Structure formats: structure tokens, C-alpha cells
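Data block below; observations after.
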Amino acid sequence: MKEKITYAVYRIIRFFIWLFYPEIKSEGTGNLPDEAVIAVGNHAKMNGPISCELYFPREHSTWTAGQMMKLREVPDYAYTDFWGEKPAYIKWAFRILSYIIAPLAVCIFNNAKCIGVYHDTRLLSTFRDTVRKLEEGTDIVIFPEHNVPYNNLVWEFQDRFVDVAKMYYRRTGREVCFVPMYTAPRLRKLYFGKPVRYDHSAPAEQERKRIAKAMMDGITEIARSLPEHTVVPYPNMPSGQYPTNREYKENEQVRFEQLQYE
């Protein structure tokens with residue numbers, strides 16, 4: 001009975017998000033192979049997960065922080081990860097807020113199309129659930145950015161997500177494709193780039209670096225190719241400081257000209 005009630009609450013919340021959140025259209029879906037893939041995207045704050053939950057073009061499951069699915073773990077995780085850089089004089093308010101949102105977060109993330117991700121021994125369960133979904137033909141969506149700049153369009157990716165491809169190969173004998181996905185909230189679009197297939201014969205560390213870099217560069221290239229628009233970045237910052245893809249192009253041109261004179 002309790003599960004039915006929480007699911008009903010989730011459906012109501014999802015309906016209102018769908019009602020007020022702008023419709024997101026997909027471009028580049030021809031780059032998605034006719035097999036289950038791992039789509040790797042920029043977080044764009046909460047826009048990436050929301051856009052995919054509502055408008056991802058195929059059946060999918062999204063990796064999400066496992067702490068957001070556990071009532072006792074939500075407050076510490078939310079306080080540190082979402083609001084850790086808030087000014088000291090107001091942090092007390094966000095600490096209270098972290099407890100207020102805990103039941104809501106548990107309701108949403110346990111009923112949405114999510115796979116909990118952990119950074120301890122529970123990571124094995126994340127990989128098993130992911131492989132099972134891929135075997136069922138379900139795409140996996142991952143947002144692996146962390147707070148280290150790569151360029152002003154995308155932040156560096158934690159690369160351990162690539163290891164799930166090794167388990168998938170061992171289970172199925174197939175090499176999964178990773179697809180770069182650029183979330184552009186201001187353009188109301190999800191863009192998909194060219195797929196990169198995992199190579200089971202290469203050393204694991206080499207594949208982590210190769211695929212993570214290919215995903216970051218793929219997203220960067222997509223963003224650069226689009227009309228000028230504001231980029232919603234990974235870290236929390238005032239909206240007036242959001243970069244544009246045009247600024248990136250200009251910075252790249254300056255660096256290119258500097259190299260010519262060196």
C-alpha cells in the first residue's frame with residue numbers, strides 16, 4: 001500500500017514537472033545504433049536528468065547518486081554536493097532544507113527510471129543492474145561530470161563508468177557503444193553525437209581515458225557547432241556568469257593565434 005501511495009505521489013510530481021518544464025526535442029538520433037547504448041552527457045545542473053527522464057527518445061535508465069535514494073543519506077549528500085559552496089552565513093538554511101527534501105528525493109528517485117550509483121563496495125550492484133538493463137535492450141544515461149573544469153562547455157568526467165563495459169562484454173561477448181549527448185536547455189534540445197565502441201582487447205585504464213575523452217570532446221564539438229547560446233554549466237554559479245558556446249570559439253581562436261606566433 002505504501003509503495004502504491006509513493007508511486008502515485010511521484011506520478012503527480014512528474015506530471016507537474018512535465019506541465020511546466022519546456023518540451024525538449026532530440027536531434028542526432030540517427031547516431032544511436034540499433035542496440036542498447038550508454039549515453040554520456042553534460043549535467044547542465046538538473047536539466048540533463050530532467051530532460052532525459054521526460055524526453056529521452058528511447059527506453060532508458062539513468063545513473064543517479066545512490067545516496068539520493070536512501071532517506072538517511074539524502075541530507076548529508078544534498079547539503080555537501082548541492083550547497084557546499086554557499087556562503088557560511090546562510091548555510092544553516094540549506095542544512096534545514098536538506099532534511100526537508102529528503103522524503104521527496106527518496107520518492108522521486110526510487111520511482112523514476114534510475115539506477116543507484118555508489119563509490120564503495122555497492123558499486124558492484126550498480127554495474128550488475130546496468131548490465132541487466134543493457135541486456136534487456138534499455139539504454140543507460142550517465143552524467144559523470146565532477147567539479148574540475150575541462151573547458152567552459154563541459155567539466156571533466158570521472159572515468160570509472162567505462163568499466164561497466166568490461167562486465168557487459170564478459171556477460172554477453174558484445175562491446176557496447178558510448179554516445180556523447182549534449183543537453184542544451186536554452187535551445188530546448190538533446191543532441192546525440194557519433195558513437196564510440198568499447199574495445200575489450202585494450203587495457204582497462206587506456207579505455208577509461210580514451211572513452212571519457214571522446215565523450216567530453218564529442219560534447220564540446222556538438223556545442224561548438226550550434227548557433228550561439230548560453231551554456232548551463234555543471235557547478236553552481238550565478239546565471240549571469242554562464243558562458244556561451246561563442247566565448248569558447250573565441251577563446252580557441254585566440255589560443256590558435258598564440259600558437260602560431262610561438
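The values are calculated or read from the model by the stated rules, or taken from the named source; none is laboratory data. Nothing here was measured: the structure is a model prediction, and the numbers come from that model. Positions of Cβ are generated from backbone atoms using ideal geometry, with glycine treated the same way; all protein chains shown enter the neighbour counts. When the accessible area is computed, the model is the full protein with side chains, heavy atoms only, and any ligands, DNA or RNA have been set aside. Shrake-Rupley method; radii C 1.70, N 1.55, O 1.52, S 1.80 Å.
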Quick check on my filter: what residues within segment 69-113 are open to solvent by 40 Å² or more (accessible area, probe 1.4 Å), assigned to a loop (DSSP other than H, G, I, E, B) and over 19 Å from Asn236 (Cα atoms)?
Lys70, Leu71, Arg72, Glu73, Lys113
Looking at segment 138-151, can you tell me whether even one residue there is under 17 Å from the mean Cα position of the chain (by Cα), of a type in the set (S, T, N, Q) and farther than 30 Å from Asp34 by Cα?
yes
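With the condition kept exactly as written, say whether any residue in segment 39-46 is surrounded by fewer than 17 Cβ atoms within 10 Å (Cβ to Cβ) and of a type outside the set (Asp, Glu). First the steps, then the outcome.
Here is the first cut: in segment 39-46, the ones surrounded by fewer than 17 Cβ atoms within 10 Å (Cβ to Cβ) are 46.
Remaining after also requiring of a type outside the set (Asp, Glu): 46.
Looking through segment 39-46, at least one residue is surrounded by fewer than 17 Cβ atoms within 10 Å (Cβ to Cβ) and of a type outside the set (Asp, Glu).
Here's the yes/no breakdown for (1) touching a Lys or Arg at 6+ places or on another chain (Cβ under 9 Å); (2) charged (D, E, K, R); (3) modelled with pLDDT under 95; (4) farther than 27 Å from Phe20 by Cα:
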site: Ala112; (1), (2), (3), (4): yes, no, yes, no
site: Val164; (1), (2), (3), (4): no, no, no, yes
site: Met181; (1), (2), (3), (4): no, no, no, no
site: Pro195; (1), (2), (3), (4): no, no, no, yes
Which members of segment 152-182 meet the condition of being buried (at least 22 other Cβ atoms within 10 Å of the Cβ) and over 22 Å from Ile222 (Cα atoms)?
Val164, Ala165, Tyr168
For segment 32-47, which residues satisfy the criterion of being closer than 23 Å to Leu187 by Cα and without any contact (Cβ under 8 Å) to a residue 60 or more places away in the chain?
Met46
